[in-house]
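Following: one structure in structure tokens, then a few remarks.
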Amino acid sequence: MRIGFIGLGRMGTGMASNLIKAGHEVTVYNRSPEKAAPLVALGAKSAEHLADACRGDAVVTMLADDPAVESVVFGEGGIEATLAPGALHISCSTISVDLSRRLAKAHAQASQSYVAAPVFGRPDAAAAAKLFVVACGAPDAVEIASPLLDAIGQRTFVMSEQPEAANLVKLSGNFLIGSVIESLGEAMALVGKGGVDLQAYLEFLTSTLFSAPIYRTYGSLIVEGRFEPGFAAPLAHKDIRLALAAAHELRAPMPVASLLNDRFLTLLAQGGENLDWSAIGSLAAQDAGQKAGA
């Protein structure tokens, strides 16, 4: 397929590279054009203008937030204006439920197809095509998207014909990950202050009751105090705010999400703008008068 790929951050670069390796004809676009160079070396074409990435069968967006997606979709020369009728937009960005709903409506009015397909996984998983994908949209659109989603991930979960459902699932997942990070940080602060070796404690946790990879991944980051690079804390904070906005609309109280909102505010207030979101796991140790990993 002829694919446009917009957004070449650490996640997008890995995803686009796997589309190239799968044999698709990929045209990439990024506001910072130098980020396209490694993909051009793999065989991609570099688009000088955003519209040049919207000439094919489908365009994939992997962008930071709602304003970035709105800009490339609704801006002058954007996806809505230049994507051909019948062509497909796959949005892999973590965006609000409301924006996903508006994208679906706008594309339908333009006779374009739309699939919301946010992904779970860190940049190393993106590079290895090991992402988990949640895809929602009209069945025919999801079917067209499937080969592309198979190229970037290890499994795709189709949950609804309403695209915004995928974004709701993504936000709920990031809320759960944040909850695990906070809980690990609090538990480690408790046992650490009691003199327990944290590496041994993590080995105990992940070998018994909490064997899921998420506990080992984020537990190790907390124990080692290894908080950069990664998923930037401001983006994680954005996701928690979007989860709370969805909860407000649905009248579904999320008291733990409110706590996480405050934890991210604390981290950012202390200069954590460039830290991985797992750095909120260090706050409990600081509250207990310890250094992270102590």
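Sequence-ordered 3J(HN,Hα) estimates for the stretch 201-210 from the Karplus curve with 6.51, -1.76 and 1.60 and θ = phi - 60° stand at 5, 5, 4, 4, 4, 7, 9, 10, 6, 10 Hz, glycine and proline given as x. Scoring 33-39, 208-214 by mean Cβ neighbours within 10 Å over their residues and listing the highest first yields 33-39, 208-214.
Charged neighbours of Val40, selected by a Cβ distance under 15 Å, balance to -1 (K, R count +1; D, E count -1). For the chain, the Stokes-Einstein estimate of translational diffusion at 37 °C and a viscosity of 0.692 mPa s comes to 165 µm²/s, using the Kirkwood hydrodynamic radius over alpha-carbon pairs.
Highest mean packing comes first when the peptides 155-162, 57-64, 106-113 are listed by Cβ atoms within 10 Å, giving 57-64, 106-113, 155-162.
For the stretch 2-161, taking the reciprocal of the average inverse distance between every pair of different Cα atoms yields a Kirkwood hydrodynamic radius of 15.1 Å. Each principal axis of the stretch 93-223 carries a Cα extent, and these read 63, 28, 21 Å when sorted largest first.
Averaging the sequence gap over all C-alpha pairs within less than 8 Å and six or more residues apart, then dividing by the number of residues, gives the stretch 2-161 a relative contact order of 21 percent. Overall, the chain carries a charge dipole of about 260 debye about its Cα centre when +1 sits on the Cβ of Lys and Arg and -1 on the Cβ of Asp and Glu, all other atoms neutral. Taking the Cα centre of the stretch 145-243 as reference, the dipole from Cβ charges on Lys and Arg (+1) and Asp and Glu (-1) amounts to some 60 debye.
Ranked by the mean number of other Cβ atoms within 10 Å of their residues, highest first, the peptides 283-290, 91-98, 141-148, 264-271 fall in the order 91-98, 141-148, 283-290, 264-271. Here, the stretch 1-45 is characterised by an Rg to Rh ratio of 0.90, where Rg is the alpha-carbon radius of gyration and Rh the Kirkwood radius.
What fraction, in whole percent, of alpha-carbon pairs in the stretch 167-287 exceed 18 Å separation? When every Cα pair of the stretch 167-287 is considered, 50 percent fall beyond 18 Å. For the chain, the 222 nm mean residue ellipticity estimated from helices alone, with every DSSP H stretch of n ≥ 4 adding -39500 (n - 2.57) and the total spread over all residues, rounds to -16000 deg cm²/dmol. In order along the stretch 58-64, the phi-based Karplus estimate (6.51 cos²θ - 1.76 cosθ + 1.60, θ = phi - 60°) of 3J(HN,Hα) comes to 7, 10, 10, 10, 9, 10, 6 Hz; Gly and Pro are listed as x.
The relative contact order of the stretch 202-294, computed from alpha carbon pairs under 8 Å that lie at least 6 residues apart in sequence, is 37 percent. May I ask which of Lys193/Lys238; Lys21/Lys105; Lys35/Lys238 have a Cα-Cα span longer than 30 Å here? Beyond 30 Å: Lys193/Lys238; Lys21/Lys105.
Read the figures in this text as sums done on the coordinates, not as results from a lab. Computed from a predicted model, the values in this text were never measured in an experiment. Neighbour counts are summed over all protein chains in view; Cβ atoms, including those assigned to glycine, are modelled from backbone coordinates with ideal geometry.
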